[in-house]
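Comments concern the structure below.
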Amino acid sequence: MHIIESGNVAAATGVKLSRVQVIAAYPITPQTPLTEKLSEFVESEQLTAQYIPVESEHSAMAVCIAASTAGTRAFTATSANGLLYMNEQLHWAVGARLPIVTCVVNRGIGAPWTVWNDQQDSMAQRDVGWIQLYASDHQQIIDSVIKAFRLAQTVSIPVMVCYDGYLLSHTYMPFDLPEQSEVDAFLPPFVPKHFLDPENPGNFNTVTLPDVRPGVDGTMRPGYIEIRHNLHQDLRAALDSYAEIDREFEQRFGRGGSPFVEQYRCDDARFVAVAVGSLSYQLRDVIDTMREDGIAIGVMGVQMYRPFPDQAVASALAGKECVIVFEKALSYGNQGPLYSDIKSTLYRMDDRPIIHNYILGLGGREIKTQQLLDALTESCARPAAIEDTPRWIGLKLQEEHHG
Amino acid sequence: MATKTYCEMISRSQPGPGDGGNTGSWRVKRPIIDYDKCIPAKTKKRACFTCWLLCPDCVVSKTIPPAINLDYCKGCGICAEECPAGAIEMVDEASQTGKEK
Amino acid sequence: MAEKTTILNLTEEEFVHSGNRACTGCGLSIVYRIGLKALGKNSVLVVPPSCLTVLQGLYPVASTKLPCVNVTFASTAAAATGVRSAMMALGKDDVNVVAWAGDGGTSDIGIQALSGACERGDNIIYICYDNEAYMNTGVQRSGTTPQGVLTTTTPIKGKLQVKKDVPAIIAAHGIPYVATASAAFPLDFYDKVKKATTIHGPKYIHVHTPCPPGWGFDTRYTIKVGKLAVETGLFDLYEIENGSFSLSAPSQRLVGKKRPPVSDYFAAQGRFKSLDTDMVNTIQQQVDAKWAA
């Protein structure tokens, strides 16, 4: 069934279809309509779940951590500074290997305050160990939420589903609403391996030594570094698991097939523009225009950012002349984070493409199609060298703005 | 492909004694119960058990007479201080370990 | 309310293993042991970083025989809410969900989450063991450190500010049960925890736990020092049940009686040695005024 709704409602509907058991959330723009919708689902008994209106994002994730440790499917959502306020808890959730799903409605970070979209918030969390999925439209939002719960409980690692604030969260688009019975068949109930059980008491997340130590039964148990190594190995293996989950989703729902990167007109392309989220769809229009002018260019949207799908990225970019990475985030004092990761992936190639980096749209600055066209035209005309200093798009630097 | 097993490692401890080792080795003074003074020992009745109640380390038994598990007794002396009959004396551990040899 | 518990009818079942890492003569160890007896097997614990983390043990061995989730410092009460939510979702309504945190974790970094849980009316028991400083990290001042106390961050003058009255703050939320207790009166504490298991909604118990290394007294005097705090009238034992205040027996006994001077309590510990006579007299007057009211 097709419906027309906002991106936030698409996310909330995905959460409802996933039969989440515990929801904790604290309001923050532009996540609020998602939270409001979930509270409405619970109060109207369309969803049987506990809804906890917590007093902070830190506590939202605390509720999810504890509820997940107790063996239930838990969800929260946030944006920007709310996500940063959770930071300690994000590390905790992944270290405890809890299959929590969180929607991040991407927004710029203060100071200065901004409520508008960029992707600095979730990009700044790339090293915590969560899986990060990015949606480019409303259909991908609802589908990603459902897939995220399946992936999280398969690999025992929490998943962030990120989508652009306002551009996706507050716009209305048609999308297909999956049938509950189909979702139930795709997403079995969460059966935890270990949980808070008075019949089989365990003490979770205790102080763990630098070295291995024998347990009560005499067998040697891991130290901190082994536990963290195991997490990394499992994150890498999660790439394969997600590919399988995506295949299964595609068989059941008819959508999918490109779990890691979404390529548009890339097959014969000499040049590839790269972006995350809705920007990758905006770039498609630009590419179509350039194709009309005879420029062999395509777009690659990155849909999973952590674990980084380096093989999918490498095979998508092999043999290309120039890769142009557009980012609404920056590793300040260095480069765009996606740019660094892609460049690192290209390093192993003998005949690696030139790669350029553009920073744009921070704090919601409008991204004009003409600007994208100009930038791509410039990069395609002179793919001379790898540029480690990002170029900025749309800056209006005038004397009177200083100070 | 073979199904991978995830999450083989988390920090989930199982209950067991002696996480801190034989904490009896921390002891500087050892409690000695004088059963001629100890109320349940003397009366052979279930009575008093103040030492059992107040022990921070669960090393005193609620038995007639009460007994102290010296493997884990840290030697705080709360039992001696609080015994209403003055039946428990703290003696130098060194003098006792000498005797055991 | 059930009959008062006595030593003789107190259960012999232990939920804490011997040989744990708690310091010798630890006041927390006493109340933890007794409190878990009151909670019983069908309970889940939530613990932030604190001395209890040390007592609970290092992976892979735990000193506690109950299921427990260790959580971040600021999140204790919210995590307890999370466990309760899960238990409700799973239909396990009879489980006691118990947050057990220190005074720093409660009065300072954890008070926001605790206030949130109390305001929401979440069905949890929150036990704050108050050893009146950050003992686990080496005796730094906390919100509940009393005035004049020497800590490693008030090393010369002693703490200048007064002790934060956390039970009063929590009581102001209008929750159904607030109580104070002391390690020196373990059966009183037992009965309060037991009562808390029978009440729906947030329950808060603030238990005073003398700390030999942090307070500067010999390990054998843990009970004596705890009793002096109550008997001098400095730390009062009471319950506030549905808004109704009542002194508990160890404090009720003091009404109309001559109390030992607070200087007896101060002299028994090293941490008060920077207090001058004027300050001692001022505190004595404050305590006298409180008891006259």
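The values are calculated or read from the model by the stated rules, or taken from the named source; none is laboratory data. Being a predicted model, the structure only gives us computed values, none of them experimental. Backbone-built Cβ (ideal geometry, glycine too); neighbour counts: all protein chains shown.
Considering the range B:9-101, the qualifying helices (runs of 4 or more DSSP H), each wholly inside and each with 1 or more residues that are buried (at least 22 other Cβ atoms within 10 Å of the Cβ), run over B:50-54, B:78-82. One residue alone among B:P56, B:P40, B:P15, B:P66 is under 26 Å from C:L45 (Cβ atoms), within 12 Å of chain C (Cβ to nearest Cβ), of a type outside the set (A, V, I, L, M, F, W, C) and touching a Pro at 6+ places or on another chain (Cβ under 7 Å), and that residue is B:P15. So, A:L38, is that one part of a loop (DSSP other than H, G, I, E, B), at pLDDT 95 or above and in the same structural domain as A:Q119 (by TED's automatic domain parsing) or not? No: the conditions fail for A:L38. In the range A:290-403, counting only helices (runs of 4 or more DSSP H) that sit wholly within it, the ones holding 1 or more residues that are free of Cβ contacts under 8 Å to residues at least 12 places away in the same chain and over 20 Å from A:Q125 (Cα atoms) span A:310-317, A:369-381. Does C:A184 meet the test of being buried (at least 19 other Cβ atoms within 10 Å of the Cβ), touching a residue at least 40 places away in the same chain (Cβ under 8 Å), within 14 Å of another protein chain (Cβ to nearest Cβ) and among the small types (G, A, S)? Here the answer is yes, as C:A184 does meet what is asked. Close Cβ contacts (under 8 Å, 6 or more residues apart or on different chains) running from residues in the range C:15-36 that are more than 13 Å from C:I127 (Cα to Cα) to residues that are of a type in the set (V, I, T) and in a loop (DSSP other than H, G, I, E, B) comprise C:S18/B:V59; C:C26/C:T209; C:G27/C:T209; C:I30/C:T209. Here A:Y332, A:Y339 are screened, and the one residue that is at pLDDT 95 or above, assigned by TED's automatic domain parsing to the domain that holds A:C266 and surrounded by fewer than 20 Cβ atoms within 10 Å (Cβ to Cβ) is A:Y332.
Can you spot a residue in the range A:219-238 that is within 11 Å of chain B (Cβ to nearest Cβ), closer than 30 Å to C:C51 by Cα, charged (D, E, K, R) and in a loop (DSSP other than H, G, I, E, B)? The answer is no; no qualifying residue exists. Only a single criterion out of (1) among the acidic types (D, E); (2) in contact with a Lys or Arg (Cβ under 9 Å, 6 or more places away or on another chain); (3) closer than 25 Å to A:L177 by Cβ; (4) surrounded by fewer than 18 Cβ atoms within 10 Å (Cβ to Cβ) is not satisfied by A:E250, namely (2). Checked against the criterion of being at the interface with another protein chain (Cβ under 9 Å from one of its Cβ atoms), in a strand (DSSP E or B), closer than 30 Å to A:Y85 by Cβ and in contact with a helix residue (DSSP H, G or I) (Cβ under 8 Å, 6 or more places away or on another chain), the range C:24-46 has at least one qualifying residue.
Taking the range C:123-145 as the range and being under 11 Å from the mean Cα position of the chain (by Cα) and in a strand (DSSP E or B) as the test, the residues that pass are C:Y126, C:I127, C:C128, C:Y129, C:D130.
Among residues of the range C:170-192 being assigned to a loop (DSSP other than H, G, I, E, B) and of a type in the set (G, A, S), the one that is farthest from C:K227 (Cα to Cα) is C:G174.
When we screen A:F75, A:F41 for residues that are more than 8 Å from chain C (Cβ to nearest Cβ) and either surrounded by 24 or more Cβ atoms within 10 Å (Cβ to Cβ) or over 21 Å from A:S169 (Cα atoms) (or both), the only hit is A:F75.
Checked against (1) among the hydrophobic types (A, V, I, L, M, F, W, C); (2) surrounded by fewer than 22 Cβ atoms within 10 Å (Cβ to Cβ); (3) over 26 Å from A:A237 (Cβ atoms), A:F190 passes all but a single condition, namely (3).
When the range A:202-221 is limited to residues that are touching a residue at least 12 places away in the same chain (Cβ under 8 Å) and surrounded by 12 or more Cβ atoms within 10 Å (Cβ to Cβ), the one that is farthest from A:G129 (Cα to Cα) turns out to be A:V212.
Consider B:G86 carefully, then state whether it is more than 30 Å from A:H194 (Cβ to Cβ) and more than 11 Å from every other protein chain (Cβ to nearest Cβ). Here the answer is yes, as B:G86 does meet what is asked.
Residues in the range C:66-79 that are assigned to a helix (DSSP H, G or I), facing chain A (nearest Cβ under 7 Å) and of a type outside the set (S, T, Y): C:A74, C:A78, C:A79.
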